[in-house]
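Colleague: Please find one structure pasted underneath; my questions will follow.
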Amino acid sequence: MSSFQVASKKRRQSESAFERRIGLSIPLREEGPFCFLTSLRGTPASRLFCVAPPRAGQNDASIELTLSHRLEGLDFAQSVAERLCESVGADGDAFPVGMAVREAAANAFKHGNRFDARKRVRVVLDLRGTRLTVRIRDDGRGFDPEQTADPLQPENRMKASGRGLFLMRKFMDQVVFSRGEDGGHEVLMSKALTCQMDAGSSPPPRSRAEMKVTSRSVQGVEILNPEGKITIGVGDIALREAVQESLARGAKKLLLDMSGVTTVDSSGIGELVSAYTRVNNQGGKLKLLNLPPKVQDILTITQLITVFEVYDSETEAVESFS
């Protein structure tokens, strides 16, 4: 066996071991839609997704991703960040870190690169012990974070956008923006993870549910059941269309059963606010049912929990429209 073959075999074994550890398989190829070739530190690139595996007895790891303009890359980056946290026992930090990475990457896609297909977003997650540092860089002009309005102010609370940066700062210990020497903007985020289990444990498999919305009628109340992710570009649009279709049918009493929602980002929260406003403007009412803990946490953080009527019982929710 040649030295090149031996090196390639060792690299594949390292990558496979890391995938087993974080419980995330990356079945991508060079023709993949949103992840492009990146490399291990100091080694030739051989795959689209490469990592520096954790060192023996330590929680150190480095992951580098390069994403195109396709929004599926946001799901990918969020999943990798969450699994990295879970791999070192920081299960409680997985959701906030994953959400912060998603929001920062979404800003790079939208405000930095302006969804330009020629530009890329680069994500680096660097774990040293319990300190996680994330760098996300775009190829565009970026945006001025100081010009972003406070979403908690009464005049901004019902706006459909402007919560991404707020969530990043809420979920991470440090958020710093800078201009790259060769163009582009970079955001650096860091967080001290709270590890509570053996880092060698493997997290359970993660499902990748696509967004879909079903509807049913109970005592004159239109109940919409979104299932999957209410996120930028996919789930938020599906929810918007479902609400519009209900209004077009003449429904005035809408109840969103959120029990099947797995993830919601700032765009999804913005769509909930837009749906609430749209229904009210047409003389109707929109209420929420069965909020998952993560969704309730975000609504509480953004102070929107005081705007929506929220119920845990479908019977009580339906009766409240009477």
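Colleague: Which shape class, rounded, prolate or oblate, goes with the range 270-322 when its Cα gyration tensor gives a ≥ b ≥ c as root eigenvalues, a/c under 1.5 marks rounded, and past that a/b bigger than b/c marks prolate?
Modeller: Verdict is oblate for the range 270-322.
Colleague: Between R249 and D312, how high is the FRET efficiency from 1/(1 + (r/R0)^6) when r is the Cβ-Cβ distance and R₀ = 25 Å? Nearest 0.05.
Modeller: Calculated value: 0.40.
Colleague: When the chain is fully extended, how far beyond the present Cα-Cα distance does K285 get from S215, taking 0.36 nm per residue of separation?
Modeller: Using 0.36 nm per residue and subtracting the Cα-Cα distance, I get 23.6 nm.
Colleague: Grab the Cα-Cα distance for E241 and E181, subtract it from 0.36 nm times how many residues apart they are, and report the gain in nm with one decimal.
Modeller: Net length gain for the segment: 17.3 nm.
Colleague: Among the aspartates and glutamates, select those whose C-alpha is under 19 Å from the C-alpha of K252, and discard any that sit fewer than 8 residues away in the same chain.
Modeller: E222, E241, E271, E309, E314, E316, E319
Colleague: Given a cut-off of 28 Å, name the pairs among K119/K229; K119/K212; K253/K294; K119/K294; K170/K285; K170/K253 whose C-alpha atoms lie farther apart than that in the structure shown.
Modeller: K119/K212; K119/K294; K170/K285; K170/K253
None of the figures in this text is laboratory data; all of them are computed from the coordinates on show. All values reported here derive from a predicted model rather than from experimental measurement. Note: ideal-geometry Cβ built from the backbone for every residue, glycine included; neighbour counts use all protein chains shown.
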